[in-house]
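The values are calculated or read from the model by the stated rules, or taken from the named source; none is laboratory data. Model, not experiment: these values are computed from the prediction. Using ideal geometry, Cβ is built from the backbone for each residue, glycine included, and neighbour counts are taken over all protein chains shown.
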Ligand code: PMP
């Protein structure tokens, strides 16, 4: 006899993580290629000795440090076990079955999965020229809309929306509907026209900004993210929907150590390298005849359409693993210069004109 599982699971798309292939360079998961700094590793080792105790459920020390650093009150910050956990908590906090959640598509592939599991309906608004169609998203708001995700810069296209378009959109959203501005890649943004979500909180109390230690801070394996909201009702709701003890002691200690001045300086330096490499990789790809939208993140997007899967498979033969989205495109993480050279050599061998 088959088990009584929710019928929804039969239609649920699987979350597809970037693959690790032995002997190949992995540019498939938007990670940094550098290990955590030595003092962060030391701090991890030190707190590992307390692993017989449960972690601080509210991550008080890290919350305080973030609040201080970001210039907000501590009741405006909620730490989570990765920002994807906070996305999930947010959906659980706002949506009942039958409600609607709006997001762009293609965007972060966890959004449709989280939405489907919640029982709410996903309203997917196609990107226009690889960029969020914010006006189109605002038009899809109904009385059932409970949450809109705006991923800025967008995963997987790397494109970002500017301040004017974002403010216009936020003004069009009813004040009781929550907007999640997913800024997982915020640290990599170079364009001054792309707003820091924190600067919008004062005007928009329904806004929550999501950030992570996984990308620029290089702690993807430890799972720490954080949410900042103007309205403490949002962080309180995130606390209510959190799986207890989901941010480990080790993760909290590593994140805290990563906020210290020496680690910050190193992070800024790594981000600068990614920015320079992003420009170099994109320019080289454009010269090879690829279409590559401008990216503000630590990856670039090659909209290869029907050729996507075959191209990614051939790239892997060249020992470089990229993230392929069937019939849509390939997302390539910016690695260190050596890794990027290996990718560009593969891209040259597979070039449209070649
Ligand atoms: N948001 C976006 C847009 C992402 O690309 C990712 C990571 N792929 C996340 C959130 C989740 O990051 P984490 O859970 O590691 O903080």
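Numbers for the structure displayed
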item	result
Only one of 292, 281, 274 that is more than 30 Å from residue 57 (Cβ to Cβ), touching a strand residue (DSSP E or B) at 6+ places or on another chain (Cβ under 8 Å) and in a helix (DSSP H, G or I)	281
Residue that is in the same structural domain as residue 248 (by TED's automatic domain parsing), in contact with a helix residue (DSSP H, G or I) (Cβ under 9 Å, 6 or more places away or on another chain), away from the ligand (no atom under 16 Å from the Cβ) and at pLDDT below 95, where the choices are 46, 60, 97, 65	97
Matching residues in the range 167-185 - criterion: being crowded, with 24+ Cβ neighbours inside 10 Å and either within 12 Å of the ligand (Cβ to nearest atom) or outside any strand (DSSP E or B) (or both)	180, 181, 182, 183, 184, 185
Qualifying residue in the range 122-136 (condition: part of a helix (DSSP H, G or I) and under 28 Å from residue 279 (Cα atoms))	yes
For residue 266: the one exception among (1) outside the structural domain of residue 84 (by TED's automatic domain parsing); (2) within 26 Å of residue 94 (Cβ to Cβ)	(2)
Test: residue in the range 17-30 that is within 16 Å of the ligand (Cβ to nearest atom) and surrounded by fewer than 12 Cβ atoms within 10 Å (Cβ to Cβ)	yes
Those residues of the range 311-354 which are part of a helix (DSSP H, G or I), over 14 Å from residue 285 (Cβ atoms) and out of contact with any strand residue (DSSP E or B) (no Cβ under 9 Å at 6 or more places or on another chain), in sequence order	314, 316, 317, 337
